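Visitor: Quick one: structure below, then a few questions.
Derivation of every value follows stated rules applied to the coordinates shown; laboratory data play no part. All values reported here derive from a predicted model rather than from experimental measurement. FYI the Cβ positions are ideal-geometry reconstructions off the backbone, even for glycines, and counts take in every protein chain you see.
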């Protein structure tokens with residue numbers, strides 16, 4: 001049985017604890033948090049040992065893996081210590097505060113042969129997985145554009161990060177995964193609308209050559225929206241990340257079109273609509289199951305450290321574009 005622990009007993013740490021406890025063949029052994037009250041509540045609830053120092057926890061517990069769910073600016077320090085102790089790790093996204101820090105973590109894990117996976121949870125969303133399968137099958141034809149909207153009110157728990165690094169990084173990763181390549185260039189506009197400390201809104205344009213992508217992220221829209229749409233030469237698809245719904249509209253366009261207006265409207269006015277059947281599952285559960293399988297089988301995780309690092313590089317390019325007000329070409 002695998003033995004795991006959690007470093008960071010905030011919102012995500014609590015979700016990781018609940019998920020581990022609901023799975024077979026894994027034992028949640030300990031919780032670590034500098035806040036005795038917060039960490040103690042979670043440790044007491046699951047009847048596991050509480051530590052306030054992760055170094056002490058790693059010295060006293062014989063662990064197979066840990067989830068790191070602390071603020072982003074602490075990821076590098078903790079991750080390197082965990083890796084040096086020979087323990088596998090799942091780090092909540094983003095992998096690190098900077099691409100340089102992320103590269104240091106990835107290189108260290110590779111040298112030690114440690115399994116490192118990054119919590120890009122949308123990769124495990126059943127609707128996203130299904131959409132990628134349809135794209136690969138050619139159902140949409142050539143992909144012309146992808147449009148993503150990830151907006152909502154400012155989360156009080158987020159204090160050390162901007163909306164690009166916290167939110168847009170999800171979809172920067174997803175669009176690259178859907179298209180199996182990185183963008184050629186990025187241009188972004190945005191700023192500090194309601195938050196004087198960090199960027200809280202951004203409109204991001206990615207050029208993939210034959211495919212263009214537009215991402216809208218902010219912490220000011222009074223309703224939570226998490227959607228992605230795909231337009232191709234053969235059809236159009238709409239995905240809702242939250243409800244895990246995927247709808248496909250097949251194109252009615254043919255080389256020979258009706259000349260009469262009424263027939264033209266009848267032909268193109270109502271494209272065939274298909275509600276794609278999705279087996280809905282919790283993405284976090286699937287993410288942690290993947291982490292556990294990787295530890296058991298010594299295999300590559302679905303979201304590797306390298307991919308987590310690439311997502312940060314793209315988010316840094318977005319921030320550079322925002323600051324310099326110009327397109328950034330991706331090497």
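Visitor: When the chain is treated as a GNM, springs tying every alpha-carbon pair under 10 Å, which of 53, 203, 171 comes out with the largest mean-square fluctuation?
Guide: Largest GNM mean-square fluctuation: 53.
Visitor: If you don't mind, another one. Can you give me the convex hull volume of the Cα atoms of segment 115-256, divided per residue and expressed in Å³?
Guide: Per residue, the Cα convex hull of segment 115-256 comes to 138 Å³.
Visitor: Could you check the simple spin-label distance between residue 284 and residue 195, using points 7 Å along Cα→Cβ, in nm with one decimal?
Guide: About 2.0 nm, to one decimal.
Visitor: Right, here's the next one. Would you mind telling me which residue in 274, 170, 120 has the biggest mean-square fluctuation in a Gaussian network model of the chain, where springs connect alpha carbons within a distance under 10 angstrom?
Guide: Among 274, 170, 120, the largest mean-square fluctuation in the Gaussian network model of the chain belongs to 274.
Visitor: To the nearest whole percent, what portion of all C-alpha pairs in segment 126-191 is separated by more than 15 angstrom?
Guide: 63 percent
Visitor: Separate question: In deg cm²/dmol and to the nearest 500, what is the mean residue ellipticity at 222 nm of the chain if only DSSP H runs of at least 4 residues count, each as -39500 (n - 2.57), divided by the residue total? Show your work: numbers first, answer last.
Guide: Details: 10 runs with 118 residues, N = 331.
Computed ellipticity for the chain at 222 nm equals -11000 deg cm²/dmol.
Visitor: Using Cα-Cα distances under 8 Å and only pairs 6 or more residues apart, what relative contact order does the chain have, in percent?
Guide: 19 percent
Visitor: Counting DSSP beta bridges with both partners in the chain, what percentage is antiparallel, nearest 5?
Guide: Working: 42 of 70 bridges.
Of those bridges, close to 60 percent are antiparallel.
Visitor: To check my understanding: the extent here is largest minus smallest coordinate of the Cα atoms along each principal axis. What are those three numbers for segment 95-146, in Å, largest first?
Guide: Per principal axis, max minus min of the Cα coordinates gives 41, 20, 17 Å.
Visitor: Is the C-alpha gyration tensor of segment 1-98 telling us rounded, prolate or oblate? Criteria: a/c under 1.5 is rounded; beyond that, a/b larger than b/c is prolate, otherwise oblate.
Guide: On the way: a/c = 1.38, a/b = 1.21, b/c = 1.14.
Rounded shape, in that the Cα axes give a/c under 1.5.
Visitor: Okay, moving on. Ratio of alpha-carbon Rg to the 2.2 N^0.38 Å globular estimate for segment 48-203, to two decimals, please.
Guide: The value comes to 1.22.
Visitor: I want to check the label-to-label distance for residue 242 and residue 225. Put each point 7 Å from Cα in the C-beta direction and report it in nm to one decimal.
Guide: Modelled inter-label distance: 1.2 nm.
Visitor: Here's another thing I want to ask about it. Could you identify which residue out of 90, 63, 314 has the top mean-square fluctuation in a GNM of the chain using Cα springs shorter than 10 Å?
Guide: 63
Visitor: By what distance, in whole Å, do the Cα atoms of segment 53-138 stretch along each of the three principal axes, largest value first?
Guide: 51, 28, 25
Visitor: Work out, in µm²/s and without decimals, the Stokes-Einstein translational diffusion coefficient of the chain at 20 °C, 1.002 mPa s, Rh from Kirkwood over C-alpha pairs.
Guide: Translational diffusion coefficient: 101 µm²/s.
Visitor: Enter the angle in degrees (range 0 to 90, nearest 10) between the Cα long axis of helix 305-324 and the first principal axis of the Cα atoms of the chain, meaning the one along which they spread out most.
Guide: In the chain, helix 305-324 runs at an angle near 60 degrees to the longest axis.
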